[in-house]
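Heads up: the structure comes next, in structure tokens.
The values are calculated or read from the model by the stated rules, or taken from the named source; none is laboratory data. These numbers come from a predicted model, not from an experiment. Glycine also receives a Cβ, built like all others from the backbone with ideal geometry; neighbour counts cover every protein chain displayed. Each accessible area value is taken on the protein alone, full model and side chains, heavy atoms only, with ligands, DNA and RNA left out. Shrake-Rupley method; radii C 1.70, N 1.55, O 1.52, S 1.80 Å.
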Amino acid sequence: MVLYTNFFATYGNQIIATLIAVVVFFIVRLATDTIIKKFSRKSNFSEARTILVKRYIDYLIFILFAVMLISIWGIKREQLLLFLSSVLTVIGVAFFAQWSILSNITAGIIVFFSFPFRIGDKIKFVDKEFPVEGEIIGIKAFYTLVRNNEGEEILLPNNLLLQKGIVILNSN
């Protein structure tokens, strides 16, 4: 009994904060999944596209949850600022080093929520050096797959779709 009392007296705040973080994690995850499902149904998106976006959002929520747990258990209050600045520095370097990959994932999520075009739409990708005209046959996390009039399948990175002009020739 004394051991239990000493343990709770020593780590009581961390245990309570951890329980609150776990509850908040599940509530936020459930809420975002529900919002994404409703948005997907309302916009008639494919199940695969919805699952992909949910997975990326869940990863982000889990990373934030892990950072919360680390800060609750592993860092003294006076070292919290040092920890946060170190984590943000590492994340900043990672974003810079992986800009292309992260920008494509971010663009894929933006394309999902803003839905400027859908699978089956005929589009014209306006680019002086590499113009593409064809039908969208797939939208993935990193790229959009377009089949041109000659039957060739062309992968267009999602970040280029947001940076360059797109003409929607006919929409489904």
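Taking all protein chains as present, what is the carbon and sulfur share of the accessible area of the chain, in % to the nearest whole number, probe 1.4 Å?
Values: 7900 of 11760 Å².
Ligands and nucleic acids excluded, carbon and sulfur reach 67 percent.
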What range in the chain is the longest one free of trypsin sites (Lys or Arg not before Pro) that are in a loop by DSSP and have at most 13 other Cβ atoms within 10 angstrom?
1-75
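By how many nm would the segment from residue 91 to residue 13 lengthen if fully extended, with 0.36 nm per residue of separation less the alpha-carbon distance?
On the way: separation 78, 0.36 × 78 = 28.08 nm, distance 2.85 nm.
That pair, residue 91 and residue 13, stretches by 25.2 nm at full extension.
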Phi to ³J(HN,Hα) by Karplus 6.51 cos²θ - 1.76 cosθ + 1.60 over region 55-68, Hz, x for Gly, Pro:
4, 5, 5, 4, 4, 4, 5, 5, 4, 5, 5, 4, 4, 4
Stretch gain in nm, segment residue 39-residue 163, where the contour uses 0.36 nm per residue and the Cα spacing is subtracted
42.2 nm
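Tell me whether region 116-170 comes out rounded, prolate or oblate; compute the Cα gyration tensor, take square roots of the eigenvalues as a ≥ b ≥ c, and use a/c under 1.5 as the rounded threshold. The partial results should precede the final answer.
Numbers: a/c = 1.22, a/b = 1.04, b/c = 1.17.
It comes out rounded by the Cα gyration axes.
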For Cα extents along the principal axes in Å, calculated from these coordinates, the label among (i) 52, 36, 29; (ii) 65, 34, 30; (iii) 78, 35, 20:
(iii)
Could you work out which residue, out of 133, 47, 150, moves most in a Gaussian network model of the chain, that is, has the largest mean-square fluctuation with Cα springs under 10 Å?
150
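Which net charge results when you count Lys and Arg as +1 and Asp and Glu as -1 among the other residues whose beta-carbon is under 13 Å from that of residue 130? Intermediate values should be presented prior to the final figure.
Values: positive: 124, 128, 164; negative: 127, 129, 133, 152.
Net charge around residue 130: -1.
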Which FRET efficiency value, to the nearest 0.05, do you get for residue 28 and residue 137 by plugging their Cβ-Cβ distance into 1/(1 + (r/R0)^6) with R0 = 41 Å?
0.75
Test of understanding: what is the full-extension gain from residue 46 to residue 81, defined as 0.36 nm times their sequence separation minus their Cα-Cα distance?
8.3 nm
Pairwise label distance in nanometres, residue 55 with residue 170, each label 7 Å out on the Cα-Cβ vector
3.4
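Which whole-number value in Å² is the accessible area per residue of region 111-155, probe 1.4 Å? Mind showing how you got there, number by number?
Details: 2600 Å² over 45 residues.
On a per-residue basis, region 111-155 sits at 58 Å².
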Residues whose placed amide H lies under 5 Å from that of residue 154, excluding near-sequence neighbours:
146, 147, 148
